[in-house]
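The values are calculated or read from the model by the stated rules, or taken from the named source; none is laboratory data. No experiment lies behind these values; they were computed from the predicted model shown. All Cβ positions, glycine included, derive from the backbone under ideal geometry; neighbour counts span all protein chains shown. Surface accessibility is based on the protein's heavy atoms, side chains included, excluding ligands, DNA and RNA. Shrake-Rupley method; radii C 1.70, N 1.55, O 1.52, S 1.80 Å.
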Amino acid sequence: MSSADEADSGRIYDPEASHAFPDERVNDVLDAIEADTEIQAYLGAQNVNPVTRKRYNDHGRKHISIVRNRALCLYDLLKQGGVEFNGAADQGLDEADEAVIVALAATLHDIGHVVHRDEHPYYSIPLAADLLDEFLPAFYDVADAVRVKGEVLHAILCHHTEEIPLTLEAGVVRVADALDMEHGRSRIPYERGGRGINTVSSQAIERVTLKPGDESAVLVEIEMNNAAGVYQVDNLLKAKLHDSGLEETVRIVALNTHDDDEQIVERIEL
């Protein structure tokens, strides 16, 4: 699939494309993230505890790339659908800062894994705070840097904890984290080589696509080759959508693409 097709299917954020929001600032931030050697070092180191030591699924650079791309695509579709965000606005920041908050939180949300997999969002907070103190002055004065930092940390905290997001920017990051679920990439830990429901269902998701919805701002369409994939969708994505603030603007539809007369489920909306 071409990069243009990937962008059209809500999978890859294309900085060169037209967007429903002012994108120059976030595009500059994305370039700076790639050039920041300390951030990149964390993205490499954070995979050791979950993958090497606990035998969980990937939480490193690939996961971060997927989550950040889908977070920005989700944000773009929501803006296109007329959804008004509140995080940056409540702080008196610019509309252009909404995407910056989403991108930075998506990038740094899992760095706490360098300390431990368990309760990692709480470890991510101080580590991300230090990184943001070094990163943000290139783009903001002191007052605005503090405001952006606070919003990014809020989104990081709420991505994988019982804390309810208070901003839609945080809700986007929370939902995008669950959208990395294709072909064994589920956020629900699974046993490698096992045949439990977590493992079987994690292998069932073929493709996740984001597009404008008819009855909602965003339609998340999930293609699966086995009805067991519903377990992932229900226990992962639907659970993260709950209390995200996006429940009324995001619709989830799962499709069973396996051509089998005995298939249990053909289409389910959650």
**Request:** Could you pull out the residue among PRO121, PRO165 that is open to solvent by less than 30 Å² (accessible area, probe 1.4 Å) and assigned to a loop (DSSP other than H, G, I, E, B)?
**Result:** PRO165
**Message:** With the requirement that a residue be β-branched (Val, Ile, Thr), within 15 Å of ALA239 (Cβ to Cβ) and at pLDDT 90 or above, what does the stretch 159-172 give you?
**Reply:** ILE164
**Fill in**
Of the residues in the stretch 23-42, those that are of a type in the set (A, V, I, L, M, F, W, C) and closer than 27 Å to LYS79 by Cβ come to VAL26, VAL29, LEU30, ALA32, ILE33, ALA35, ILE39
**Prompt:** Within the stretch 52-90, restricting attention to residues that are open to solvent by 60 Å² or more (accessible area, probe 1.4 Å) and under 16 Å from the mean Cα position of the chain (by Cα), which residue is modelled with the lowest pLDDT?
**Reply:** ARG61
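Out of the residues in the stretch 124-149 that are of a type in the set (Val, Ile, Thr) and under 15 Å from ALA105 (Cβ atoms), which is least open to solvent (accessible area, probe 1.4 Å)?
My answer is VAL148.
Criterion first (modelled with pLDDT of 85 or more and either within 17 Å of the chain's Cα centre (by Cα) or surrounded by fewer than 14 Cβ atoms within 10 Å (Cβ to Cβ) (or both)) does ARG187 satisfy it? If you could, list the steps in order and put the result at the bottom.
Working: modelled with pLDDT of 85 or more: no; either within 17 Å of the chain's Cα centre (by Cα) or surrounded by fewer than 14 Cβ atoms within 10 Å (Cβ to Cβ) (or both): yes.
Answer is no for this residue.
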**Asked** Among the listed residues VAL208, VAL152, VAL175, which satisfies the condition of being assigned to a strand (DSSP E or B), open to solvent by less than 40 Å² (accessible area, probe 1.4 Å), modelled with pLDDT of 85 or more and among the aliphatic types (A, V, I, L, M)?
**Response** VAL208
**Prompt:** Tell me, which helices (runs of 4 or more DSSP H) lie completely within the stretch 28-104 with 1 or more residues that are free of Cβ contacts under 8 Å to residues at least 60 places away in the same chain, under 13 Å from GLU169 (Cα atoms) and not aromatic (Phe, Trp, Tyr)?
**Reply:** 61-80, 87-90
**Message:** Please count how many residues of the stretch 211-242 are part of a loop (DSSP other than H, G, I, E, B) and either touching a residue at least 40 places away in the same chain (Cβ under 8 Å) or buried (at least 17 other Cβ atoms within 10 Å of the Cβ) (or both).
**Reply:** 7
**Request:** For the stretch 133-148, indicate whether the set of residues that are at pLDDT below 95, more than 18 Å from PHE21 (Cα to Cα) and basic (Lys, Arg) is non-empty.
**Result:** no
